[in-house]
Amino acid sequence: MKQFISFVQKEAIHILRDRRTMLILFGMPIVLMLLFGFAITNDVKNVRTVVVTSQMSPQTQQAVERLATSEYFIIVATVPTPKDAELMIRSQKADLAIVFAAQRQGVQFIVDGADPNMAQQWINYAQQTMAAANFSLFTIHSSLLYNPQMKSAYNFVPAIMGMLLLLICAMMTSVSIVREKERGTMEVLLVSPVRPLMIIVAKAVPYLLQAFLILIIILTMSATVLDVPLAGSLGWIILVSLIYILLALSLGLLISNVAQTQFVALLVSAMVLLLPTVMLSGMLFPIESMPRILQWVSAVIPPRYYISAMRKLMIMGVGIDGVLTEVLVLCVMTALLLFVALKKFNKRLAV
């Protein structure tokens with residue numbers, strides 16, 4: 001046991017001495033959290049709005065004033081006809097036009113649809129803002145659960161957790177083991193009195209502890225800096241995250257068996273982990289909107305289940321019974337990856 005602890009201390013000291021590793025481990029999570037929390041956002045703000053004034057009344061004027069005083073819209077002009085409003089949108093002078101129909105029969109939205117998702121959000125925000133002003137030209141009954149302010153950080157924080165923990169644990173573990181292979185020190189370690197399995201575990205333990213520390217930093221930043229609530233049980237959030245961290249460490253061990261150099265390990269990590277996580281995990285794009293074949297591919301992407309579980313636990317505040325499916329899938333994936341990685345590692349030793 002003393003030898004195992006010595007190996008853990010040796011690996012921890014090596015990590016702490018490497019400034020580049022420390023920068024990746026602790027700098028990248030903070031930067032990405034701030035970027036996705038503040039800079040990269042799909043929140044609706046400052047939508048340039050033009051109002052068609054051909055059919056204005058005191059009630060419609062009240063609705064326009066409500067739009068103007070909100071943080072989402074800026075009234076850039078008033079025009080007499082819908083054609084004038086359309087020309088302003090086509091000339092990129094406005095994003096949204098509101099046309100009030102005659103005799104209070106309704107309202108028409110003319111919107112720049114180059115980005116259809118944002119266009120739909122602009123319309124939804126305009127409808128909700130006008131409904132909040134008791135505008136009765138049309139009937140709207142809406143209730144936003146879990147995220148009434150519609151902040152994008154509520155969506156991005158669980159996604160960033162899934163991406164960061166996977167990348168850091170898997171990438172750094174694989175690079176650490178491959179580095180030993182490149183320098184020829186892995187063979188020296190393997191002929192030591194400590195069992196090879198214990199050596200691998202000892203190299204993974206420091207990254208496990210640092211991943212747990214990163215998790216605490218992310219949760220603290222989300223609650224204090226980004227104002228993302230932790231509606232669910234903190235204990236369940238940490239437990240599910242630990243399962244996911246073990247999965248990432250197992251994946252890093254598997255990559256280290258395939259790669260022979262640190263460059264190859266980084267390349268494999270980027271190709272196998274980064275791109276699928278961003279594109280197919282539901283981090284940026286809804287899985288339900290993907291083609292059927294990509295939905296099948298996303299079924300084997302571990303971050304998909306972790307991100308889903310974190311959104312339910314953190315934002316929706318459900319109990320562990322609400323994420324049993326995701327937790328079961330993560331446990332099965334962890335056991336499978338660990339089994340394959342250790343089997344390939346032992347096979348490599350036998351050769």
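The values are calculated or read from the model by the stated rules, or taken from the named source; none is laboratory data. What you are looking at is a predicted structure, and each value in this text was computed from that prediction instead of being measured. With ideal geometry, Cβ positions are generated from the backbone for all residues, glycine too; neighbour counts draw on all protein chains shown. Just so you know, the surface numbers come from the protein's heavy atoms only, side chains and all, with ligands and any DNA or RNA stripped out. Shrake-Rupley method; radii C 1.70, N 1.55, O 1.52, S 1.80 Å.
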Some residue of region 27-34 being open to solvent by 70 Å² or more (accessible area, probe 1.4 Å), modelled with pLDDT under 80 and farther than 30 Å from A211 by Cα:
no
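Please find, among L164, L230, L197, L213, the residue that is at pLDDT 80 or above, part of a helix (DSSP H, G or I), open to solvent by 50 Å² or more (accessible area, probe 1.4 Å) and over 30 Å from Q59 (Cβ atoms).
On the way: L164 fails: open to solvent by 50 Å² or more (accessible area, probe 1.4 Å); L230 fails: part of a helix (DSSP H, G or I); L197 fails: at pLDDT 80 or above.
Matching residue, one of L164, L230, L197, L213: L213.
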So for region 62-77 (the condition being among the polar types (S, T, N, Q), over 33 Å from the mean Cα position of the chain (by Cα), at negative phi and modelled with pLDDT under 80), does at least one residue qualify?
yes
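Listed here are the residues, each with its yes/no results for (1) surrounded by fewer than 23 Cβ atoms within 10 Å (Cβ to Cβ); (2) closer than 17 Å to C169 by Cβ; (3) among the hydrophobic types (A, V, I, L, M, F, W, C).
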| position | (1), (2), (3) |
| --- | --- |
| P302 | no, yes, no |
| Y305 | no, yes, no |
| S308 | yes, no, no |
| K312 | yes, no, no |
| G317 | yes, no, no |
| I320 | yes, no, yes |
| V323 | no, no, yes |
| V329 | yes, no, yes |
| V332 | yes, no, yes |
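I'm trying to understand the selection: among the residues of region 271-297, which are in contact (Cβ under 8 Å) with a residue 40 or more places away in the chain, within 19 Å of S250 (Cβ to Cβ) and of a type in the set (A, V, I, L, M)?
Taking region 271-297 first, the residues in contact (Cβ under 8 Å) with a residue 40 or more places away in the chain are 273-274, 277-278, 281-284.
Next cut, within 19 Å of S250 (Cβ to Cβ) only: 273-274, 277, 281.
Selection gives L273, L274.
In this structure, is D43 at pLDDT 70 or above, touching a Ser or Thr at 6+ places or on another chain (Cβ under 9 Å), charged (D, E, K, R) and closer than 28 Å to A153 by Cα?
Judged against the criteria, D43 is not a match.
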Can you name the condition, by its number, that A341 falls short on among (1) modelled with pLDDT under 85; (2) among the small types (G, A, S); (3) assigned to a helix (DSSP H, G or I); (4) touching a Lys or Arg at 6+ places or on another chain (Cβ under 9 Å)?
(4)
Condition first: open to solvent by 50 Å² or more (accessible area, probe 1.4 Å) and not aliphatic (A, V, I, L, M). Now tell me which residues in region 83-103 satisfy that.
K83, D84, E86, R90, S91, Q92, K93, Q103
Of (1) touching a Cys at 6+ places or on another chain (Cβ under 9 Å); (2) modelled with pLDDT of 90 or more; (3) open to solvent by 10 Å² or more (accessible area, probe 1.4 Å); (4) not β-branched (V, I, T), L249 fails just (2)
